[in-house]
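Contents: one structure, followed by commentary.
The values are calculated or read from the model by the stated rules, or taken from the named source; none is laboratory data. All figures in this text were calculated on a predicted structure; none of them were measured in a lab. Here the Cβ positions follow ideal geometry from the backbone for every residue, glycine too, while neighbour counts run over all protein chains shown.
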Ligand code: WTA
């Protein structure tokens, strides 16, 4: 294997980045975590994690901190706890029942719900009672397909409460994607809504469920939240949330579960077309998520108002919009809509309204706001902000500086947090009261985390592949139903090391730079999409013969999907060269996977460039897609193909 994404010119310039931004004095003086944490963890890593797990409420203490039979880890062996009790009951018992857990902001103007910890506990208890009535027991899987409404968090916590694993599927995924995920997880129940609000209009969700469920025999019931009030089709498996949940008692006696009881599955793209069900369990996950949320954001739960803008459909929404903040008794904002709903300054009016003090978002959003102009945030009072976070993809220094100056008023530290669906929690990040940050770098591993950058042979080097060389509490416990794939994907590339799929390098100051994916996974607006998945979607269209998909650099979304397609002989030239055809293919991909996977560009070409052994030359296609000078084409079976593709690039059909 070689680095497929060669560091771009910007990335190579990073090693010369000399600017440093020290922690604000005030913040450093009262920081939750000091530099001692690095020393403590270095001295005794397991004792360090044991101390962090001690921040949770356990109903039975663990017998052993770690049982490591590579590549299988068990953390806090023998310990028992309930994740929902840790997020709710214990805070209410501690007298925090009146503290706001969520300030929920619906997309339509003025749509608000304020939910205290006591109220959230009551709602989750009712939902847990409803799950029990519907026959959901420990060990079952429940699929959640909801917009960003409080019921999403309520449903997750209710599953956790009864020991069932949730599998949240992002609302932007198609019926087919839903079928694949429900089937793989063998889910008994689906929780959905009639629809949600998207860009000022109701957007239906239930039709996808209606299409999917008849193909999923494991599903016994579908519980439907009424959110938009739009018309819905109805089957005998369907039940309204209000009918089955509202009448339940608001008290639910939770039992505790083993530390290794599955908490959730979350599907993510891999290098093949089939998404992987990443399995997370309870104790280690919650311990690392709660500690990192408290440490990396320097959370002061009594006074901070925290806003993670991620959808619950992604891991960031799981770990840092639900489990982390609730385990820490934080007050969060939860927002249903898109950044431009009701005006391009919508986010900044939310920050102003709730006096948000910690904001956690993605570089793609930051770059979009940069494009929209400084006046929009400038028109709002953002002085409440004190810590800014970034996640999902490398943040370019320019966006980092803009985030710091324009959003953070030059006073807020930026924590650029590297982690993955698989890691469950943050792994590489500065600590806001300790680290002197370089713009664009996630700086280094958090206390208790061990990383190495290695070469092809697995030897530690200054630049190469990012690996994790010790198990960590929130690590994935496997790929659902596919032990072999788990071993192969993460543990076979380098002996004794977890291979993250990212390139990285240490600079001269021993600061770590993440260089993006090195495999066939694209990162579009912080969302992982595999090239193979999009290729299979394209090839499933009756007019398509072959497809090759690459992620090309994009100023806003990080990477953008560019597809090269050859059509079947039966398709007439004037049809395949038309804009309507490209549009049809794009819609086809949206239907197969979801709108997030729609290619930005589709190029119809007579041939795809292949090596003599028939392998598609993706690097070359990426060069074409990025209008770069072409690399070495000598291994190309038919070099003229490149010219044909380049000619096409001029009049390629582009989506804005
Ligand atoms: C990328 C999201 C650079 C990386 C939490 C990783 C990042 C993938 C960063 C995981 C960051 C995430 N800097 N790259 N701060 N954060 N990535 O599973 O390529 O959706 O492998 O988890 O996003 O994406 P996932």
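Numbers below:
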item	result
Test result for residue 125, modelled with pLDDT of 95 or more and within 17 Å of residue 250 (Cα to Cα)	yes
Residue in segment 474-485 that is within 11 Å of the ligand (Cβ to nearest atom), buried (at least 22 other Cβ atoms within 10 Å of the Cβ) and in a loop (DSSP other than H, G, I, E, B) present	yes
Single unsatisfied condition, residue 441 versus (1) buried (at least 22 other Cβ atoms within 10 Å of the Cβ); (2) within 14 Å of residue 422 (Cβ to Cβ)	(2)
Evaluation of residue 529 against (1) under 20 Å from residue 399 (Cβ atoms); (2) within 14 Å of the ligand (Cβ to nearest atom); (3) in contact with a helix residue (DSSP H, G or I) (Cβ under 7 Å, 6 or more places away or on another chain) (one fails), failing number	(1)
Single residue of 178, 131 found to be at pLDDT 95 or above, in contact with a helix residue (DSSP H, G or I) (Cβ under 9 Å, 6 or more places away or on another chain) and over 23 Å from residue 243 (Cα atoms)	178
Those residues of segment 290-335 which are part of a loop (DSSP other than H, G, I, E, B) and within 14 Å of the ligand (Cβ to nearest atom), in sequence order	309, 310, 311, 312, 313, 314
Near pairs, Cβ below 7 angstrom, 6+ apart or cross-chain, from segment 392-403 (closer than 13 Å to residue 526 by Cβ) to any residue that is more than 13 Å from the ligand (Cβ to nearest atom) and in a helix (DSSP H, G or I)	399/367; 399/370
Selected residue (criterion: surrounded by the most Cβ atoms within 10 Å (Cβ to Cβ)) from residues of segment 513-542 that are without any contact (Cβ under 8 Å) to a residue 40 or more places away in the chain and touching a strand residue (DSSP E or B) at 6+ places or on another chain (Cβ under 8 Å)	522
Cβ pairs under 9 Å, 6+ apart, first in segment 416-440 and outside the structural domain of residue 71 (by TED's automatic domain parsing), second buried (at least 24 other Cβ atoms within 10 Å of the Cβ)	none
Single condition residue 597 does not satisfy, out of (1) in contact with a strand residue (DSSP E or B) (Cβ under 9 Å, 6 or more places away or on another chain); (2) surrounded by fewer than 18 Cβ atoms within 10 Å (Cβ to Cβ); (3) at pLDDT 85 or above	(2)
Residue 107 being surrounded by fewer than 24 Cβ atoms within 10 Å (Cβ to Cβ) and either over 25 Å from the mean Cα position of the chain (by Cα) or in a helix (DSSP H, G or I) (or both)	no
Check on residue 256, surrounded by fewer than 24 Cβ atoms within 10 Å (Cβ to Cβ) and in contact (Cβ under 8 Å) with a residue 24 or more places away in the chain	yes
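Residue-wise test of (1) touching a strand residue (DSSP E or B) at 6+ places or on another chain (Cβ under 8 Å); (2) farther than 25 Å from residue 422 by Cβ; (3) in contact (Cβ under 8 Å) with a residue 60 or more places away in the chain.
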site	(1), (2), (3)
183	no, no, no
187	yes, no, no
198	no, yes, yes
204	yes, yes, no
244	yes, yes, yes
